[in-house]
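S.K.: Before we start, here is the structure in question, set down as structure tokens.
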Amino acid sequence: MTTGRTGRTGRIERAVAFALRNFEVVFAAGIGLTIGFLDIFGDKLIESDLASGATLVVLGALAVGSLSERARRPLAIQDAMAGTRRAIEDLTMVRSLAGNEVRDELRKARQSTNLWYFKGGTGTYLRAVTLPECVRAAKQNRSQLNVKIEILNPADERACATYAQFRRMFSGTGTGSGSHGGDLWTPARARKESYATVLAACWYRMQLTTLDISVHLSSTVPTLRFDLSDSCLIITQDDPNRVNLKVERGQPLYDYYLTELHQSREQATTLDLRDATLLSLSPTVDEVRALFDALALPLPRTYTEADVGGIIEKALHAEDPYGR
């Protein structure tokens, strides 16, 4: 009962305040409508003809219309302001990153994160920095770490050739991020880089029991790299003439890409890392060959010991493509 009385009192107060703010329009509306209706329906208390009475009614109605417009105007302004705020939020949803900012933003993204989802070509930066740093932090914090990796399928020679061609296109001198000693991007190199990322995933899985890691192999050649953590999504590319992007968690675009990355992994070939054979702290060539055989992703028989040794080096001692 008290609530209802309070509500009515509040409505009366708002009505009085509105009438005072719009006194001239309220007065004109009252006078116009009163005289008009008396002239049309009254007992000729006012000497005027029907037309003048109707005119007064119309004028009174126009005044009421003006009054209503004033009442609606604040709501319209609020709607316009809300729309403007949404537009500004959309513009700030994505932040552009210059080349020298990418490393710092990736470092910030690794801080206190319990998940890392990656999609890209061969994952050089992932095995050079992301995996070792995230695993080290998880060990120190004794926390769970969830890592999902989607990279180029090294068994798909056509996809590897296409990817190598793409990397050469934007590398300028034929080298790209993560090149070793000026190595050219060739189909053979692309395959070895992907094999190295698979090996790195298996090796780090054995170093941390709380690491839940999966590897997905795609035959679709990517042109972008996606790194998603608890706090943000960072999208990078190999063309130095284009900016990189950062999307904060909580923005719609973050959720869109979270779903997109999931769907992409669903369409890729998933390696069952539970079948991986044991690796020593410093894996041998024979151990690595046995590992890939167990994963149903055998290394080419043409690979020499030097080739397999190179894959081990790339897996566990990859160079940071952004420098130190």
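The values are calculated or read from the model by the stated rules, or taken from the named source; none is laboratory data. Bear in mind the structure is a predicted one, so any value in this text is a computation, not a measurement. For neighbour counting, all protein chains shown are included, and Cβ atoms are generated from backbone atoms with ideal geometry for every residue, glycine included.
S.K.: Of all strands (runs of 3 or more DSSP E) completely enclosed by the stretch 58-168, which ones contain at least 1 residues that are modelled with pLDDT of 95 or more and surrounded by 12 or more Cβ atoms within 10 Å (Cβ to Cβ)?
M.R.: Working: elements: 94-97, 115-119, 145-152.
Here the list reads 115-119, 145-152.
Here is a yes/no grid of residues against (1) in a strand (DSSP E or B); (2) among the β-branched types (V, I, T); (3) in contact with a helix residue (DSSP H, G or I) (Cβ under 6 Å, 6 or more places away or on another chain):
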position	(1), (2), (3)
D238	no, no, yes
L245	yes, no, no
Y254	no, no, no
R274	no, no, no
S282	no, no, no
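S.K.: Then there's this: Looking only at residues that are under 22 Å from P132 (Cα atoms) and touching a Lys or Arg at 6+ places or on another chain (Cβ under 8 Å) in the stretch 269-301, which one is surrounded by the fewest Cβ atoms within 10 Å (Cβ to Cβ)?
M.R.: L273
For (1) more than 35 Å from the chain's Cα centre (by Cα); (2) free of Cβ contacts under 8 Å to residues at least 12 places away in the same chain; (3) closer than 20 Å to Y204 by Cα, each residue gets a yes or a no:
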{"position": "N241", "(1), (2), (3)": "no, yes, no"}
{"position": "N244", "(1), (2), (3)": "no, no, no"}
{"position": "P252", "(1), (2), (3)": "no, no, no"}
{"position": "E260", "(1), (2), (3)": "no, yes, no"}
{"position": "S264", "(1), (2), (3)": "no, no, no"}
{"position": "T269", "(1), (2), (3)": "no, no, no"}
{"position": "L278", "(1), (2), (3)": "yes, no, yes"}
{"position": "E287", "(1), (2), (3)": "yes, yes, yes"}
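S.K.: What number goes with the only condition from (1) part of a loop (DSSP other than H, G, I, E, B); (2) out of contact with any Pro (no Cβ under 8 Å at 6 or more places or on another chain) that G309 does not pass?
M.R.: (1)
S.K.: Give the number of residues within the stretch 229-280 that are closer than 23 Å to A137 by Cα and of a type in the set (S, T, N, Q).
M.R.: 3
S.K.: Something else now. How many of the residues in the stretch 189-225 are farther than 14 Å from L131 by Cα, more than 22 Å from the chain's Cα centre (by Cα) and either among the small types (G, A, S) or not assigned by TED's automatic domain parsing to the domain that holds Y125 (or both)?
M.R.: Total meeting the criteria: 3.
S.K.: Can you name every residue in the stretch 169-183 that is modelled with pLDDT of 70 or more and in contact with a Lys or Arg (Cβ under 8 Å, 6 or more places away or on another chain)? Let's see the steps before the verdict.
M.R.: Initial filter on the stretch 169-183 (modelled with pLDDT of 70 or more): 169-170, 183.
If the condition is that a residue be modelled with pLDDT of 70 or more and in contact with a Lys or Arg (Cβ under 8 Å, 6 or more places away or on another chain), then D183 is the only one that fits.
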